[in-house]
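All remarks here apply to the structure that follows.
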Amino acid sequence: MSIFEAIILAIIEGLTEFLPVSSTGHMIIGSSVMGIAEDDFTKTFTIAIQLGAILSVVAIYWKRFFQTVNFYLKLVAGFIPAAVFGLLLNDFIDSLLENVIVVATTLLLGGIVLIYVDKWFKETEETGTSEVTYPTAFKIGLFQCIAMIPGVSRSAATIIGGLTQKMNRKAAAEFSFFLAIPTMLAATGYKLLKFYKAGGGFHGEEITLLIVGNVVAFIVAIIAIKGFISFLTKHGFKYFGYYRIILGITILALYFMGVELTIN
């Protein structure tokens, strides 16, 4: 992997991790088009740079992390379902990760859902709350489990989960960002631990690539989050839905054209 390729993947990660468009689908296209999808370091790199994206949430909302302990307890409540189902279904999830058709299909179906989400929850947007209770956090955590299916998008699942609990779009999106921190930290730590136990390790140039990747992902994610909240408040989800459908069709087209697509 070159420094240029590392920056491109980091930009993709920063832009898509917190948007309801599936970072997995974008990583498939990005790494495959650059011809580095099969490289073991690439697969580890795309996981490790999630740390930069996670830190962007802390940087933007740092005041929230100095609130009462209830803030953290609610994140724990939301994280529990993913932790349980993640451990129980780990092998099944890994098998889905090998199926490009699954990713493309969920992108398409998810896109159709997003086109109609604003209509379904129009009243919620007008009268919705920004309050997150413990039951609400747990139920949103259950929705997050749906995102274990590649291509669903963790962000899309948790935001829609928030809307079903009578939260407005902005509040649902922000809680989705917060819930990403323990979830992504756990997933990233688990994958890196497996890599280490398998005899993996980083050296010289790879460490440099990881540092650059995390810094770029951090900066781009900050821009993406701020832009997303503004766009979502004004325009809703439908444009993300159209985009997902286009992306799903693109992946299917590349796949049936014989382009080697590998999910990281």
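We did not get these values from a lab; they are worked out from the coordinates using the rules stated. What you see is a predicted model; the values in this text were computed from it and never measured. Neighbour counts run over all protein chains shown; Cβ positions are idealised from the backbone, glycine included.
For an R0 of 25 angstrom, estimate the FRET efficiency from the Cβ-Cβ distance between A253 and I112 and round to the nearest 0.05. With a Förster radius of 25 Å, E is 0.85.
Here the peptides 182-189, 43-50 are ranked by packing, the mean other Cβ count within 10 Å, and the order with the highest first is 43-50, 182-189.
So what is the 222 nm mean residue ellipticity for the chain from helices alone, if each DSSP H run of at least 4 adds -39500 (n - 2.57) and you divide by all residues, rounding to the nearest 500 deg cm²/dmol? After summing the helix terms and dividing by residue count, I get -25500 deg cm²/dmol.
To the nearest ten degrees, helix 204-235 and the longest principal axis of the Cα atoms of the chain are 30 degrees apart. With a simple spin-label model that places each label point 7 Å from the Cα along the Cα-to-Cβ direction, the separation between I211 and V33 comes to 2.9 nm.
Would you kindly calculate the mean projected area, averaged across all directions, of the convex hull enclosing the Cα atoms of segment 145-247, in square nanometres? All intermediate terms of the calculation are to be shown ahead of the outcome.
Numbers: hull surface 32.8 nm².
It is 8.2 nm².
I need the per residue convex hull volume for the chain, using only the alpha carbons, in cubic angstrom as a whole number. Before the final figure, lay out each step's value.
Working: hull volume 31.2 nm³, N = 264.
About 118 Å³ per residue, rounded to a whole number.
On a 0 to 90 degree scale, rounded to 10, what angle separates helix 169-197 from the longest Cα axis of the chain? For 169-197 against the chain, the angle is about 30 degrees. Couplings for segment 49-58, taken from phi via the Karplus curve 6.51 cos²θ - 1.76 cosθ + 1.60 with θ = phi - 60°, read 6, 5, 4, x, 5, 4, 5, 5, 5, 4 Hz in order; Gly and Pro are left as x. Nearest 10 degrees, 0 to 90: what angle lies between the long axis of helix 100-120 and the longest principal axis of the chain (Cα atoms)? Once rounded, one gets 20 degrees.
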